[in-house]
Amino acid sequence: MAGTDEEAVAAADDALYVLTAALLTPAKFPSVLGDDYPEACAALGLPPVADGYGLVLGQDGAGARWTVVVDDVSLVAVAIASWDCGMEHDLSPDERTVVTALPGWPLAVAVAAPDVPAPHDPGPDVVDGPALTPPDAEVWGPAQRRLGADEIALQWATWREQVDDTAFPVAGAAGGPGGSAEGAGRDGEGAPGGEPAAQPPGGHRGIRRVLAEARAYVDSPPPLGRVRSSFAPGGARTLRADGPGWSLVARTDDIAFVLLDDEPGEVLPVGRGPELPGLLEALDQMAVRPL
């Protein structure tokens, strides 16, 4: 979506009630926007600058939804960190840091500003064209697949305890890449479901494709942000990799989970086997990391 004109920026800047914020950087960006950083920027009509952006979501005095893009990334990062710690923090970007203001919100926001009309998109008298909207949670597609991977990364312990390692064949018994074994997951509609089941000999075709494409990233680096690494307990790292039609979440000291566009709601565990540890280590070495 292209940036709005000066009138729209002025409208959004006039008494914006900030509700939440997000980072749009190579190492951390809203996954609903794309598989990588350039794709996420393109979804908002922004050039993929090296330092990234901060996204400030709020309402103006009339209740209209606005996403204000700022280039003061550290200001937004400090606010998010404070909120995550349960601390109050006033996020008031200087108008000189505003890059553009976009009508609507690209993310689902469950709160609203007090004492203003209910959230709604700015009218045609303010902006031309459609407003940003979050993805439809009822329809499975790339955005929902990436959101599912986000959930697994955030709730790793909950998901991991659903996997019985004995469901995986002995290392090397399955025909997937590296002798890894895969299992079927849950339906993706709520809390994790039943125990995974081991795949038959030959492995899961979709997982074989994902592991092959992820391995190719090591030799031919993909667009920035396709592979990201973040903190995990015990000295491990949480890896996130995305590609055409797939998302992978893994711990460098543990297993991986795969989600596919063509298998709605399914979460597929991937056993370590003899080669998955080396693949995860190689991906971690090339991954983008938060500063």
Practice task
State whether one or more residues within the range 153-172 are modelled with pLDDT under 50 and either loosely packed, with under 12 Cβ neighbours inside 10 Å or closer than 18 Å to Val249 by Cα (or both).
Solution key: yes
Exercise for the section: Can you work out which of the residues in the range 64-122 that are among the hydrophobic types (A, V, I, L, M, F, W, C) and over 22 Å from Lys28 (Cα atoms) is surrounded by the most Cβ atoms within 10 Å (Cβ to Cβ)? Expected result: Ala64
Fill in the blank from the handout: Scanning the range 217-273 residue by residue, those in contact with a strand residue (DSSP E or B) (Cβ under 8 Å, 6 or more places away or on another chain), among the small types (Gly, Ala, Ser) and more than 22 Å from Gln144 (Cα to Cα) turn out to be Ala232, Ala236, Gly271
Practice task
Please specify each residue of the range 236-282 satisfying the condition of being farther than 16 Å from Ala153 by Cα and either assigned to a helix (DSSP H, G or I) or without any contact (Cβ under 8 Å) to a residue 60 or more places away in the chain (or both).
Solution key: Asp262, Glu263, Leu276, Pro277, Gly278, Leu279, Glu281, Ala282
Exercise for the section: Exactly one condition in (1) at pLDDT 90 or above; (2) among the hydrophobic types (A, V, I, L, M, F, W, C); (3) under 30 Å from Val49 (Cβ atoms); (4) not in a helix (DSSP H, G or I) is not met by Trp140; state its number. Expected result: (3)
Problem - strands (runs of 3 or more DSSP E) contained entirely in the range 9-87, each with at least 2 residues that are at pLDDT below 95 and aliphatic (A, V, I, L, M) - result: 17-24
Handout entry: Residue check, Asp51 acidic (Asp, Glu) and surrounded by 18 or more Cβ atoms within 10 Å (Cβ to Cβ)
Key = no
Problem - Answer from Leu276, Leu268 - the residue that is within 23 Å of Trp140 (Cβ to Cβ) and surrounded by 14 or more Cβ atoms within 10 Å (Cβ to Cβ) - result: Leu268
Practice task
Output the residue which, of all residues in the range 92-137 that are within 18 Å of the chain's Cα centre (by Cα) and more than 13 Å from Leu19 (Cα to Cα), is modelled with the lowest pLDDT.
Solution key: Ala137
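The values are calculated or read from the model by the stated rules, or taken from the named source; none is laboratory data. The model shown is predicted, which means the values in this text are computed figures rather than measured ones. Quick reminder, even Gly has a Cβ in these numbers, built from the backbone with ideal geometry, and neighbours come from all protein chains shown.
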